1. Output the number of the condition that Ile182 fails; it satisfies all remaining conditions of (1) within 16 Å of ligand 2 (Cβ to nearest atom); (2) assigned to a loop (DSSP other than H, G, I, E, B).
2. Surrounded by 13 or more Cβ atoms within 10 Å (Cβ to Cβ), more than 25 Å from Arg228 (Cβ to Cβ) and either under 21 Å from the mean Cα position of the chain (by Cα) or within 16 Å of ligand 3 (Cβ to nearest atom) (or both): does that describe Gly77?
3. Which of the residues spanning segment 124-171 are within 16 Å of ligand 1 (Cβ to nearest atom) and either hydroxyl-bearing (Ser, Thr, Tyr) or over 17 Å from the mean Cα position of the chain (by Cα) (or both)?
4. Taking only pairs six or more apart or across chains, which ones have beta-carbon atoms under 8 Å, a first residue in segment 84-111 that is aliphatic (A, V, I, L, M), and a second residue that is assigned to a loop (DSSP other than H, G, I, E, B)?
5. Considering only residues that are within 14 Å of ligand 3 (Cβ to nearest atom) and open to solvent by 50 Å² or more (accessible area, probe 1.4 Å), look in segment 186-204 and name the one that is nearest to Arg149 (Cα to Cα).
6. Only one of these is within 16 Å of the chain's Cα centre (by Cα), of a type in the set (Lys, Arg) and either more than 23 Å from Val190 (Cα to Cα) or not in a helix (DSSP H, G or I) (or both): Arg83, Arg101, Arg108. Name it.
7. Starting from segment 57-70, keep only residues that are under 14 Å from Val46 (Cα atoms), then list their pairs with residues that are more than 6 Å from ligand 2 (Cβ to nearest atom) and part of a loop (DSSP other than H, G, I, E, B) whose Cβ atoms are within a distance under 6 Å, requiring at least 6 positions of separation or different chains.
8. Is there a residue in segment 165-185 that is among the basic types (Lys, Arg), buried (at least 18 other Cβ atoms within 10 Å of the Cβ) and within 16 Å of ligand 3 (Cβ to nearest atom)?
Amino acid sequence: MKEKPKLTKLPQHVAIIMDGNGRWAKERGLPRLAGHRAGTENIRPVLEACVEYEVKILTLWAFSTENWRRPEKEVRGLMRLLRETIKRELQELHEQGVQLRHTGRLDRLSPSLQKQVREAIELTKDNDRIILNVAFDYGGRAEILAAVRRIIQDGVLPEQLDEALFSQYLYTAGLPDPDLIIRTSGEFRVSNFMIWQGAYAEYYITPTYWPAFDEEELYQALLDYSQRERRFGLTSSQLATQTSLI
Ligand code: IPE
Ligand code: IPE
Ligand code: MG
């Protein structure tokens, strides 16, 4: 990694749609769950690479609101993997200064898993090396509906509601929007991921399946990002005088 050219522009917040575990396993004649396990084991090296590249927030999408409709055995396996991974990794993540967050619904997880997630968040809340935000039971439409319900409950008046206030009602309240969204395994779709927050994100899609997505792949995504011009609806010459936006 040391010989590589320095990246000129870095995303503060990288989000990854970790797709392709099933196909990775199938290619090797393994059950889907073996792919999910390999995918989980890939989290630490990618997180460490993000720390090296000074990415401040890494969001990983591990389970969607739609994934509940998968076969019961697979869903149970994914829940077990979440439980095992927190148990195995928490202490070391904490020692390394990782702040854990969760984005999505917690209430549909088992009470013991909910407790485990809450305790992990509480334990690491003052860490500031990197934020690892795990999107689990997350879906963008459900998130927006939940926000609208709470806005109505709070009696917010139509004229009070603006984009900044709306954002505070989302699961990601307090986090900046992702600058770069990476999707592994080659699908060109959003699949209901951060449909509000990703409004101006740069997208990067790689054919590599998530368990095989490594530091080199991450570097390629970051390099691609650093070469893009983000315009936010402005012209190039306007941007030249408004560097704070870039
Ligand atoms: C992503 O891998 C993990 C989850 C959605 C839980 P998939 O399980 O979707 O893998 P493919 O897309 O079938 O290869
Ligand atoms: C998106 O992948 C969800 C996660 C990566 C957690 P899916 O495999 O569920 O998405 P589709 O079904 O290909 O759109
Ligand atoms: Mg998939």
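1. Evaluating Ile182 over (1) within 16 Å of ligand 2 (Cβ to nearest atom); (2) assigned to a loop (DSSP other than H, G, I, E, B) leaves (2) as the failure.
2. yes
3. Within segment 124-171, just Tyr138 meets the criteria.
4. Filtered contacts from segment 84-111: Val98/Asn127; Val98/Arg129.
5. Across segment 186-204, the extreme among qualifying residues is Val190.
6. Arg101
7. Every condition considered, the pairs that remain are Trp61/Phe193.
8. The answer is yes, given that some residue of segment 165-185 is among the basic types (Lys, Arg), buried (at least 18 other Cβ atoms within 10 Å of the Cβ) and within 16 Å of ligand 3 (Cβ to nearest atom).
The values are calculated or read from the model by the stated rules, or taken from the named source; none is laboratory data. Predicted model only: the values in this text are computed from it and were never measured. For neighbour counting, all protein chains shown are included, and Cβ atoms are generated from backbone atoms with ideal geometry for every residue, glycine included. We work out accessible area using only protein heavy atoms, side chains counted, and drop any ligands, DNA or RNA first. Shrake-Rupley method; radii C 1.70, N 1.55, O 1.52, S 1.80 Å.
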